[in-house]
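Since the structure comes first, as structure tokens, the remarks are kept for the end.
The values are calculated or read from the model by the stated rules, or taken from the named source; none is laboratory data. Since we're looking at a predicted model, the values are computed, not measured. Cβ atoms come from the backbone with ideal geometry, glycine included; neighbour counts cover every protein chain shown.
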Amino acid sequence: MGEAFPDVLNRRLNSAGFLTISRGDRLYAFDHLGLPLNLEPTRATAIRIAQTLDADYVVFGHYTIAQSQAAGQTTSQAADQIAAHAELLDVSALRVGPPIDRQGDSNGLLRMIDSVAWQITRQLDPSYAVEEQTFVAADKKLNPDAFEDYIRGLVAGNAPQSIQHLRDALKLDPDFAAAWLALGRAFFSNQEYEQAAATLGRLPKDDPNALEADFYRGLACFFTGNYREAEDAFAFVSMRLPLPEVVNNQGVAASRRGKDAGALFQQAVTADPRDPDYHFNLAVALAHRNDTEGALRELNETLTLHTQDTEAQAFADQLKNPGALKPNPDPGHAVADAQGPLERIKRGYSEAGFRQAAFEMEQVQQLRLATMPPQQRAAELVKAGDQFFQRGLVLEAEREYREALEADPSSALAHAGLAAVRERDGDADAARQEAHASIRLTPNVPAYLVLARLDLGANQLSAAAGDVGDALKVDPANANAKGMKLALERRGQATP
């Protein structure tokens, strides 16, 4: 239970646009401060932890559990009653916000934590416009037993136990992406690299965890000698988040395939000139190009940063000895059998840096949008919202649609997007209101199809057919509208 709260809070607050501290970061802070990992910190200790992690806010609280038994229920059928209390501390101002209290039974644990997350978000940003029901509905498709096994897998004392719990979670919920990532990481930690690569490859490329998954998939492929897959995995990450360790690893994998990776190693050196390994790898690449002077220059940088690097010193001595390396007949390409050391792979990445870079990229995107005219900005936000919605990220989708309406209140497609969100939440009345608001602005297919699905769900076939007919008047070639027309015709309802 103690790990369930921070896991859900992290996911919800990340979705709301805040940069959160991961479980690994928290455990690092506990260890750095000499605190037991199962500590229930006081407010003063929580402040020390936040300061260690350079956090602006810290959420702390507690929960109580009591078993209740309704009339006619057996003890095994009774659901535990959970009461949760949370507070948000502003670290710089040393000010605590109003208390947040929620109660419910264990069957509604995820909904309760999501509700707490929404209250925290509103304290962090009182102007945050996403409805509470979107937070509460965010995990409604997640199997609670799968979530329990997932948490047990995260806190298991050893890799076999962790792997077993995570496998159990995925048997119950095969679409639980966070569990696939955790299982892949567990296989990787246990040096089961083939299993790790296959497991991490199960995450869709548009999943929020895909970049982290492909970094470790690249390492797993590399350690099994599958350099082509390793290079492809690192390239996927570096195209979206060109951190030096990712670019470096892409270069190492490319080099193992006989490619000249000098440009990639130079990119890593430029991004982080204080890392001796990047200078070393660039030296190896330059040596393969027969650029002895450049290679020695990079080795000198390596030795300046790491004076005890015996491999770099030996390589420098080798380069100073004419004829020590086999000449490269083609300076434009690496020579796989040339004498000299192999490039160095980075076996991990800075998780905080990884997430910080992703967060900063999002901030750059926000600045770019801010320079656009209102209607164009709204159109871009709606497009982003549609992409989130198609990936099942409803909270993020609603955030984009609402920002679109702030930019352009006359955006019919933003209202249509909100109608789809409310439909997904199960609030048919609100979905209809948003769909009608959208159509009043500009008749459009997405809003008509929301109405059609709602009418079809209510077994109002004639009304659904009318909605589909209106959608086809707007766009006679729309595939979704055509599909609904066929579905209605199979049920004996013609579309006007």
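A few points about this structure:
- Region 1-50 - residue that is under 18 Å from Arg152 (Cα atoms) and modelled with pLDDT of 85 or more and, of those, nearest to the chain's Cα centre (by Cα): Arg11
- Flag for Asp260 being outside any helix (DSSP H, G or I) and either buried (at least 24 other Cβ atoms within 10 Å of the Cβ) or among the acidic types (Asp, Glu) (or both): yes
- A Cβ distance below 9 Å, combined with a sequence gap of six or more or placement on separate chains, defines the contacts here; from region 199-215, residues that are in the same structural domain as Ala182 (by TED's automatic domain parsing) reach residues that are of a type in the set (Asp, Glu) and surrounded by fewer than 19 Cβ atoms within 10 Å (Cβ to Cβ) in the pairs Gly201/Glu229; Glu212/Glu351; Ala213/Asp207; Asp214/Asp232.
- Scanning region 78-107 for residues that are in a loop (DSSP other than H, G, I, E, B) and surrounded by 14 or more Cβ atoms within 10 Å (Cβ to Cβ) yields Ala78, Ala79, Val91, Gly97.
- Residue check, Thr75 at pLDDT below 90, surrounded by 12 or more Cβ atoms within 10 Å (Cβ to Cβ) and β-branched (Val, Ile, Thr): no
- Flag if Leu170 is surrounded by 15 or more Cβ atoms within 10 Å (Cβ to Cβ), among the aliphatic types (A, V, I, L, M) and part of a helix (DSSP H, G or I): yes
- Of the residues making up region 457-478, those that are out of contact with any helix residue (DSSP H, G or I) (no Cβ under 7 Å at 6 or more places or on another chain) and either surrounded by 12 or more Cβ atoms within 10 Å (Cβ to Cβ) or within 22 Å of Ala431 (Cα to Cα) (or both) are Gly457, Ala458, Asn459, Gln460, Ser462, Gly466, Gly469, Lys473.
- Filtered residues of region 216-242 (kept if crowded, with 24+ Cβ neighbours inside 10 Å and either touching a residue at least 40 places away in the same chain (Cβ under 8 Å) or assigned by TED's automatic domain parsing to the domain that holds Pro341 (or both)): Leu219
- Leu13 in a loop (DSSP other than H, G, I, E, B), in contact with a helix residue (DSSP H, G or I) (Cβ under 9 Å, 6 or more places away or on another chain) and among the hydrophobic types (A, V, I, L, M, F, W, C): no
Each row is one residue, and each column tells you yes or no for (1) under 35 Å from the mean Cα position of the chain (by Cα); (2) closer than 21 Å to Val382 by Cα; (3) not assigned by TED's automatic domain parsing to the domain that holds Arg377.
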{"position": "Ala407", "(1), (2), (3)": "yes, yes, no"}
{"position": "Asp429", "(1), (2), (3)": "yes, no, no"}
{"position": "Gln433", "(1), (2), (3)": "yes, yes, no"}
{"position": "Ser462", "(1), (2), (3)": "no, no, no"}
{"position": "Asp467", "(1), (2), (3)": "no, no, no"}
{"position": "Pro496", "(1), (2), (3)": "no, no, yes"}
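To keep it simple, each residue is scored yes or no on (1) polar (S, T, N, Q); (2) outside any helix (DSSP H, G or I); (3) touching a strand residue (DSSP E or B) at 6+ places or on another chain (Cβ under 7 Å).
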position	(1), (2), (3)
Asp149	no, no, no
Ser162	yes, no, no
Phe187	no, no, no
Arg202	no, yes, no
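- Residue in region 123-130 that is out of contact with any Gly (no Cβ under 7 Å at 6 or more places or on another chain), hydroxyl-bearing (Ser, Thr, Tyr), modelled with pLDDT of 90 or more and under 22 Å from Leu13 (Cα atoms) present: no
- At least 3 residues being touching a residue at least 40 places away in the same chain (Cβ under 8 Å) is the threshold, and among the helices (runs of 4 or more DSSP H) wholly inside region 264-325 those reaching it are 276-288.
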